[in-house]
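Heads up: the structure comes next, in structure tokens.
Computed from the coordinates by the stated procedures, all read-outs in this text should not be read as laboratory data. As the structure is a prediction and not an experimental result, all values here were calculated from the model. No Cβ is skipped: glycine too gets one built from the backbone with ideal geometry, and neighbour counts run over all protein chains shown.
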Amino acid sequence: MPTPPASTKSSLTSRLRDHASTRWPQLDAVRVLFRAGFACVDGDLGDGETVKLCRLHYGGSASSWGFAIYCASHDDYQDAILPSGAFAGSPEQALDCACGLYLGDPSAWADPITDTPTN
């Protein structure tokens with residue numbers, strides 16, 4: 001299993017924090033913890049609570065990561081498919097998918113390109 005280099009770790013953390021600051025104002029902060037080829041992503045809520053969101057799996061590319069959603073009922077991560085139907089995608093897609101579930105905003109799962117109504 002490849003391990004992301006330091007530059008990729010830094011870039012991932014920055015990307016997730018930047019995206020959360022514009023798309024997820026409910027989060028005070030996004031924390032990323034790296035373990036081997038995985039990045040566990042947690043969100044800090046405004047009331048001081050921390051919620052586990054997802055785990056990303058590094059496959060050798062900084063732009064595409066495998067995705068596993070946190071399952072509170074089992075206190076573990078389960079491999080999942082992104083709303084696009086893919087098993088891997090951008091870190092921002094993974095964050096949106098997890099936040100859509102845990103922050104109660106399923107509009108995050110809509111793909112603006114394919115879900116736009118046509119006449």
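With respect to LYS9, is the statement that it is basic (Lys, Arg) and crowded, with 18+ Cβ neighbours inside 10 Å true? So LYS9 does not fit the description; no. Scanning the range 12-38 for residues that are free of Cβ contacts under 8 Å to residues at least 24 places away in the same chain, surrounded by 12 or more Cβ atoms within 10 Å (Cβ to Cβ) and either basic (Lys, Arg) or in contact with a helix residue (DSSP H, G or I) (Cβ under 7 Å, 6 or more places away or on another chain) (or both) gives ARG17, ARG31, VAL32. No other residue among GLY43, GLY37 is of a type outside the set (Asp, Glu) and more than 16 Å from GLN93 (Cα to Cα) apart from GLY37. Show me the strands (runs of 3 or more DSSP E) found entirely inside the range 1-97 where at least 3 residues are over 23 Å from TRP109 (Cβ atoms). Strands (runs of 3 or more DSSP E) meeting the threshold: 27-35.
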